[in-house]
Amino acid sequence: MKIFRLILISVSIFLALTLGGFVYVSHQLPSWAKKFTIDYAHSIGYLLDFNELKVSFLSPSVSVTGLQIKTLDAQVPILNLPSIGIQFQWYPLLSRRLEIDAIQITSPQVFLSRSDSDWNWLKMIDRIKDQVGALRKKDAPPSQPWLFLIQDIHLTQGILQIDDLQQSYRMQLPAIDLRLKQVRNFNQASQPGHIESDYAIELGEVIVPIPNSQELLELGKVSIDGDIDFEQAQQIRLNVQLKIADGLVKAKTVFQLDTKDINSKIEFERLDLTPFVRLHAPHIVKNAQTGNISGKVKAAYQEQAFKLSGGIDVQALDLVPWFDLLTTTQPLIAKSGMADGKLQFDYQPKSLQVKADLGITKLQVFETDQKSELIAWQRADLRKIDFFMQDKVPQYLHVESVKVDGLSGKLTIYDDKTTNIGRLFKPAGVSVNQPAQDSIKSPEVTNTTQVKTPQDNGNPRPKQSESAMQFNMQVLAITKGKIDFTDYAVKPNFKTEIHDFHGTLVGISTQPKRYATAAFNGLIDESGDMQLRGQIAFENPRRNNEISLSFRRVPLSSINPYYTNFAGYTVLSGTISYDSFYRVRDGQLEGDNRFVINQMKLGEPIPGFKGRNIPLRLLVALLEDSDGVIDLDLRVAGDIDHPDFQVSSLLWDAFFKIVENIVKAPFRLLARLVG
């Protein structure tokens, strides 16, 4: 009985001491922990403080409030942690295993910044690693590693602030919701050496400032989830599923820690391009849709070289905002236009190859006034595009075919003799509105209307660059086309329309001595028609081509502005047909122009005409035959490399040479005048 009492007293004393010890430790532990952490933070150059630390041993848990970490010198904030709670289990500690049921983090603020080459968080981690390494005993045998398992980490209402003082860049991600599940440092077979975790991050509405710019990239709602497997000293496997608005991006990435190689496979579906387009076209309203892309991409970083390859599908891409990127001297306004297609690319450290098939529908492009349509079509199909670049120098562009249906174009000559196309791409240093030179001295003309060669003036012939990109296109086909032509340089203004324009250009190539074959037809106004045939060397099309152009039954009254402007007469009736053939070889031009004018009837002279005084009635009388037909054959020749070369000057000289010959034949002249 005495022994039983003694044992009972001993047990009671032990329990009382143990309970008292627990009470004492639980009471003193917060102050011990606070002193230890503050001293340790000071030792590595940081200021750490918190308001309250609570430890519960009965229901194992730890909670901290008001935790702050700052730099010791400038007291720049690194972390503000209003509240963190940890729930864990005791018994696994006996087997060197830490199991945490949950970690709850509320409203943390993380400050990521740099003023020099290193980020503040990397500096802090390096100092902790150095401190831990200094405390280890050099000759101590390796111990069995602890295993840990964290069932759930939940961070709510987090804020990440990024300050890059080197780039004067600041970004803030508010309202971050982060969830990590099954975080552990062992694999499925309980072997240590791994860090594995599933994760999910809700970023909410993400707005990314663009460095060195006032622009903002508004991505919309963004969420990330996936898993990570960190195999120490070998590799990191990261699986990511990124949701941006209605788009989805999936990536599987492997980081090789020994070689520092990175390999990634990326898939994306319905990725909306609107946020990226809006950077360059801010006038696009928020609810505008500019199309989306889907595709698969492989990316690799190996041996300090980046490689990227894959394929992209473009669906319903709105072309309207992309016209803001064109570097024309006057803005072009697209009112409609959609693109779709497939694109394959392969980027290597010294090369890039892109292959594509594209379709563009219902394109409408206007000039700056938004009233003058410059070009439009119902549909254009570009097939088997192949582009290759080596060492940042384009090598070739091959296109199998371009087919354009319902083409509508506009060509305008303004009062100053500039054109609407020319104004868009003015030469450097030339004013957009600078008038063309219309008073250039005519080249010297011989009996064969031959101009002087450049060698006569010591001017070298232009040479094509040997490094020019090679271009090949098998066929360009146009159907149901319409071209509006307006000339404001003549008074009254001249307007006409070529409709039902159709034809092909076959074998386009910039290779030497390769000629493309052109065949186009169209109708002019109500009764006329045109036909174009030819061969063009695109290596240098101005210096090597062969073109024949025909117009049939064009009413003379439709081109009245040119008669009134150049000859001072109106034309009441008659038709004109025109056939021309021009051949240029190595800059040497030979041309044959035939004009057939039928039943030309002149009106009265224009009062106050101040142009060139041409006796048009006399010329008509001299040139008409007994059937009222004027048949002129004007042959010209010249060197197009001559600085004063102008085809119009050659034609006028050839025309007056014919008139001069007629006048010198008196019997023929008298016969014509008598009747």
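Of note:
- Number of the condition not met by residue 522 [criteria: (1) touching a Leu at 6+ places or on another chain (Cβ under 7 Å); (2) crowded, with 17+ Cβ neighbours inside 10 Å]: (1)
Residue by residue, here is whether (1) in a strand (DSSP E or B); (2) in contact (Cβ under 8 Å) with a residue 24 or more places away in the chain; (3) more than 30 Å from residue 514 (Cα to Cα) holds:
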site	(1), (2), (3)
549	yes, yes, no
554	yes, yes, yes
558	no, yes, yes
562	no, yes, yes
576	yes, yes, yes
595	yes, yes, yes
600	yes, yes, yes
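- Just so you know, in the range 56-70 the residues that are surrounded by fewer than 16 Cβ atoms within 10 Å (Cβ to Cβ) and out of contact with any Lys or Arg (no Cβ under 9 Å at 6 or more places or on another chain) include one that is nearest to residue 120 (Cα to Cα), and it is 66.
- Evaluation of residue 328 against (1) assigned to a strand (DSSP E or B); (2) open to solvent by less than 40 Å² (accessible area, probe 1.4 Å); (3) not basic (Lys, Arg) (one fails), failing number: (1)
- Residues within the range 530-547 that are without any contact (Cβ under 8 Å) to a residue 24 or more places away in the chain and surrounded by fewer than 19 Cβ atoms within 10 Å (Cβ to Cβ), tallied: 4
- Test: residue in the range 571-582 that is surrounded by fewer than 19 Cβ atoms within 10 Å (Cβ to Cβ), within 45 Å of the chain's Cα centre (by Cα) and of a type in the set (A, V, I, L, M, F, W, C): yes
- Filter result (open to solvent by 30 Å² or more (accessible area, probe 1.4 Å), within 30 Å of residue 147 (Cβ to Cβ) and in contact with a Phe, Trp or Tyr (Cβ under 7 Å, 6 or more places away or on another chain)) within the range 193-226: 195, 225
- Output for the range 199-245, where each listed residue is out of contact with any Ser or Thr (no Cβ under 9 Å at 6 or more places or on another chain) and modelled with pLDDT of 85 or more: 199, 221, 222, 223, 224, 225, 226
- Single match in 552, 543 (criterion: farther than 19 Å from residue 520 by Cα and under 47 Å from the mean Cα position of the chain (by Cα)): 543
- Taking the criterion of being farther than 25 Å from residue 389 by Cβ and either at pLDDT 90 or above or within 17 Å of the chain's Cα centre (by Cα) (or both), the residues of the range 334-356 that qualify are 334, 337, 338.
- Within the range 162-173, being open to solvent by 60 Å² or more (accessible area, probe 1.4 Å) and touching a residue at least 24 places away in the same chain (Cβ under 8 Å) holds for 165, 166, 167, 168, 170.
- From the options 129, 181, residue that is under 28 Å from residue 61 (Cα atoms), at pLDDT below 80 and among the charged types (D, E, K, R): 129
- For residue 24, the stated conditions do not hold, so it cannot be described as more than 28 Å from residue 164 (Cβ to Cβ), open to solvent by 60 Å² or more (accessible area, probe 1.4 Å), of a type in the set (Phe, Trp, Tyr) and modelled with pLDDT of 85 or more.
- Residue-level analysis places residue 586 outside the set of residues that are under 19 Å from residue 552 (Cα atoms), out of contact with any His (no Cβ under 8 Å at 6 or more places or on another chain) and open to solvent by 70 Å² or more (accessible area, probe 1.4 Å).
- Restricting attention to the range 583-628, the residues that are among the charged types (D, E, K, R), closer than 27 Å to residue 548 by Cα and touching a Phe, Trp or Tyr at 6+ places or on another chain (Cβ under 9 Å) total 3.
- Of everything listed in (1) open to solvent by 70 Å² or more (accessible area, probe 1.4 Å); (2) modelled with pLDDT of 80 or more; (3) at negative phi, the single unmet condition for residue 159 is (1).
- Checking each residue in the range 589-643 for being of a type in the set (S, T, N, Q) and surrounded by 17 or more Cβ atoms within 10 Å (Cβ to Cβ) picks out 593, 598.
The values are calculated or read from the model by the stated rules, or taken from the named source; none is laboratory data. Note that the structure is a prediction, hence the values are computed from the model and not measured. Heads up, the Cβs are rebuilt from the backbone with ideal geometry, glycines too, and the neighbour counts pull from every protein chain shown. Ligands, DNA and RNA are stripped out before the accessible areas are found, and what is left, the full protein with its side chains, is counted by its heavy atoms. Shrake-Rupley method; radii C 1.70, N 1.55, O 1.52, S 1.80 Å.
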